[in-house]
Amino acid sequence: MSLHDGALVINGLCMGWWLALAVHLIAQDRADRRAEARARARYQAAAARLQAQLDARHGREGQS
């Protein structure tokens, strides 16, 4: 194997490593976005339940 062939092999390995890193980072970003969306939905559902409880309490207090 000549020096040029060795350089091509090393270059190919580096490109493969960078490609794998890019794919990993894109996948991680998508997973993070999905997790944030789920957390936001849970937060909004909890806020809606709390608001319903508060509305129910105020409705009962107003009828007393």
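Each 5 Å bin from zero holds the following percent of Cα-Cα pairs in the chain: 3, 15, 8, 10, 8, 7, 8, 6, 6, 5, 5, 4, 4, 3, 3, 2, 1, 1, 0. Against the chain, whose longest principal axis is taken from its Cα atoms, helix 3-63 shows a tilt of about 0°.
Starting from the Cα-Cα distance between Met1 and Arg57, subtract it from 0.36 nm times their residue separation and give me the gain in nm to one decimal.
Values: separation 56, 0.36 × 56 = 20.16 nm, distance 8.16 nm.
In short, 12.0 nm is gained.
Projecting label points 7 angstrom from Cα along Cα→Cβ for Glu36 and Trp17 puts them 3.0 nm apart.
Could you give the dipole magnitude of the chain about its Cα centre, charging the beta-carbon of Lys and Arg +1 and that of Asp and Glu -1, in debye to the nearest 20?
On the way: 9 positive and 6 negative charges, 103 e Å.
That gives the chain a dipole magnitude of about 500 debye.
Farthest toward the dipole's positive end in the chain, which of Ala46, Ile10, His58, given Cβ charges of +1 (Lys, Arg) and -1 (Asp, Glu) about the Cα centre? Ranked along the dipole, the leading option is His58.
A short reminder: the numbers here are calculations on the coordinates, not readings from a lab. Just so it is clear, the model here is predicted, and its values are computed rather than measured. Methodologically, a virtual Cβ is constructed for each residue, glycine included, from the backbone with ideal geometry; neighbour enumeration extends over all protein chains shown.
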